[in-house]
1. Considering every residue within the stretch 458-466, establish whether at least one is surrounded by fewer than 13 Cβ atoms within 10 Å (Cβ to Cβ) and assigned to a strand (DSSP E or B).
2. Which of the residues belonging to the stretch 123-138 are among the acidic types (Asp, Glu) and open to solvent by 70 Å² or more (accessible area, probe 1.4 Å)?
3. Considering Pro242, Pro270, which residue is surrounded by 15 or more Cβ atoms within 10 Å (Cβ to Cβ), farther than 30 Å from Ser359 by Cβ and out of contact with any Asp or Glu (no Cβ under 8 Å at 6 or more places or on another chain)?
4. From Glu141, Glu164, Glu118, which residue is open to solvent by 60 Å² or more (accessible area, probe 1.4 Å) and modelled with pLDDT of 95 or more?
5. Assess whether Thr320 counts as being on the phi < 0 side of the Ramachandran plot and touching a strand residue (DSSP E or B) at 6+ places or on another chain (Cβ under 6 Å).
6. Please work out if Thr232 is in contact (Cβ under 8 Å) with a residue 12 or more places away in the chain, buried (at least 18 other Cβ atoms within 10 Å of the Cβ) and touching a strand residue (DSSP E or B) at 6+ places or on another chain (Cβ under 9 Å).
7. Name the residues in the stretch 272-298 that are under 19 Å from Asn312 (Cβ atoms), among the β-branched types (Val, Ile, Thr) and assigned to a loop (DSSP other than H, G, I, E, B), would you?
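The values are calculated or read from the model by the stated rules, or taken from the named source; none is laboratory data. Just so it is clear, the structure is predicted and the values come from calculations on it, not from any experiment. All Cβ positions, glycine included, derive from the backbone under ideal geometry; neighbour counts span all protein chains shown. These accessible areas exclude ligands, DNA and RNA; they are computed on the full protein's heavy atoms, side chains included. Shrake-Rupley method; radii C 1.70, N 1.55, O 1.52, S 1.80 Å.
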Amino acid sequence: MTYSMVLLLFLIALMPEGVVFGYHHKGRFKDSLHKIYKESKGESAMDYNVGLADPPTFTTEGKTLKIITGDTVVLPCDVVNPSGYLLAWKRGIAILSAGNVKVTPDERFRLVDGYNLEIRDVQTQDAGDYVCQIATLNPLEITHTLEILVPPRIHSVTSGGNVEVKKGLTVTLECRASGNPVPVISWTRKNNLLPSGEKSVEGYSIIIEQATRHHAGVYLCTASNSVGEPVTAQISLHVLYPPEIEVERGWVHSGEGYEAQLVCIVHAEPQAEVLWYRDTLRLDTTERRIMEVRGSRHTLIIRKVQSSDFGNYSCVADNTMGKAREYLELSGKPNPAIFRSHPMGRFKDSYNLTWSVNSYTPIEEFRLYFRRLPPPPVPGQLTQPQHHHNKRPTRRENETWGGGGGGSGVRLRDEWNDVILPAAPSEQFTQQMSYMIRGLEPALHYEARVQAKNRFGWNDISDTFLFTTRGVDPEMRDMGVTAQSVSSTCKSAANILFVSFVMAVCLS
């Protein structure tokens with residue numbers, strides 16, 4: 001006899017007379033016992049089937065149930081004609097119930113609505129096969145498979161979520177999780193893309209090679225398996241590197257009585273100490289001089305600037321990884337000029353050039369440079385080297401160029417011409433200036449530069465401005481009048497509306 005049968009007989013033998021236990025009374029039970037015993041001995045048990053009801057059958061089939069831990073599950077066992085037969089629940093060799101009696105000591109198990117087995121607060125160890133069996137001569141049974149779905153859980157992340165790596169080295173971030181089904185782990189980066197440029201990737205780890213400060217930040221690993229809610233853990237990556245300095249403006253303009261701000265943006269890990277210098281002299285905070293720090297932005301504020309404040313400054317950043325220095329200049333000279341003219345001129349032989357300059361100190365004069373744009377070199381042809389300003393002698397605005405009486409004629413091709421222009425007295429921060437260049441040639445390209453001077457000196461020369469003079473009018477070309485064909489036009493003009501114009505050209 002099997003262990004299950006012995007245990008079942010033992011339990012039934014302990015029951016008092018007349019207790020209903022799947023059979024109508026203990027007499028019927030004794031007959032069944034004898035029947036089972038005879039079968040165990042190999043003897044015929046046909047005589048014991050006389051008088052029994054119709055054989056029992058299951059109305060439910062075996063199922064596979066997927067349950068989340070902590071939930072309650074009911075395993076169905078519905079039977080037709082159960083009277084006179086013993087029903088039992090088994091799991092492996094363990095008997096969970098026999099008839100209406102719960103055998104297992106686990107309080108989470110109970111019979112409900114007949115012989116259905118209820119399991120409360122399901123745990124991972126409850127996974128497996130559960131058998132509902134009817135104790136017939138050839139036992140009938142159905143099997144339910146309980147699969148426990150476990151929400152994802154993250155067990156560990158690299159270095160407990162706080163990782164340090166030196167600049168230029170390789171670092172691996174790992175995230176270990178469990179659950180059923182096995183969770184999928186995806187990586188994202190808080191408020192940024194991953195170093196690969198992707199928004200997210202899958203895998204239990206990511207590798208960052210040649211780490212830089214741009215790789216630092218908070219990395220998020222998320223485990224999900226469609227059971228419950230996804231779970232997320234974060235890893236803070238700190239890249240250790242020497243200070244890196246960016247100056248907001250390397251050249252800062254100010255004026256006497258105004259405020260000046262010199263800004264250095266310092267990135268460093270660990271955080272760097274930042275000091276300010278004027279030439280080689282370390283600066284301290286004074287009533288007029290303030291050193292302000294907001295995040296990575298370090299600002300030297302100079303109030304009520306004096307002429308003695310103009311000069312060269314530097315910011316020095318130092319941490320355990322190294323040291324860096326960047327230079328700035330505080331100047332009273334004007335800002336570089338900005339051209340305002342349209343690059344396409346309105347006239348064939350002249351061009352009106354307009355520019356503006358910002359300066360806290362009044363502008364005293366301008367110096368304008370202009371020339372025809374040199375043609376591009378021919379491949380294989382040797383060219384003479386051009387100096388920065390191969391120009392004619394400087395002229396004042398009220399002086400005239402040689403070769404053009406009363407006009408500013410440009411006759412030396414490809415050479416820089418320059419002219420000094422006095423500035424109109426003005427207390428405005430932005431001062432605008434215009435100058436008409438004459439003696440140009442039609443449909444050609446020219447370039448111009450300009451400088452401005454105040455009492456602190458000349459500013460840096462402006463960026464080059466390119467402009468083009470207007471070409472020959474299309475209407476003139478339609479009339480057939482060109483500089484090369486005046487005589488032929490005089491001979492062939494037939495339209496009487498243009499006789500006077502043609503005669504004037506011929507006489508000239």
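1. Within the stretch 458-466, the subset surrounded by fewer than 13 Cβ atoms within 10 Å (Cβ to Cβ) is 463-464, 466.
The next check asks that each one be assigned to a strand (DSSP E or B); those that pass are 466.
Among the residues of the stretch 458-466, at least one is surrounded by fewer than 13 Cβ atoms within 10 Å (Cβ to Cβ) and assigned to a strand (DSSP E or B), which makes the answer yes.
2. Let us first name the residues in the stretch 123-138 that are among the acidic types (Asp, Glu), namely 126, 129.
Selection gives Asp129 alone.
3. Pro242
4. Only one candidate qualifies: Glu164.
5. Numbers: on the phi < 0 side of the Ramachandran plot: yes; touching a strand residue (DSSP E or B) at 6+ places or on another chain (Cβ under 6 Å): no.
Taking the combined requirement at face value, the residue does not satisfy it.
6. The answer is no for Thr232.
7. Of everything in the stretch 272-298, those that are under 19 Å from Asn312 (Cβ atoms), among the β-branched types (Val, Ile, Thr) and assigned to a loop (DSSP other than H, G, I, E, B) turn out to be Thr280, Thr286.
Rundown of residues vs (1) modelled with pLDDT of 50 or more; (2) among the hydrophobic types (A, V, I, L, M, F, W, C); (3) more than 18 Å from Asn358 (Cα to Cα), yes/no style:
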site: Arg413; (1), (2), (3): yes, no, yes
site: Pro422; (1), (2), (3): yes, no, no
site: Met479; (1), (2), (3): no, yes, yes
site: Thr489; (1), (2), (3): no, no, yes
site: Ile496; (1), (2), (3): no, yes, yes
site: Cys506; (1), (2), (3): no, yes, yes
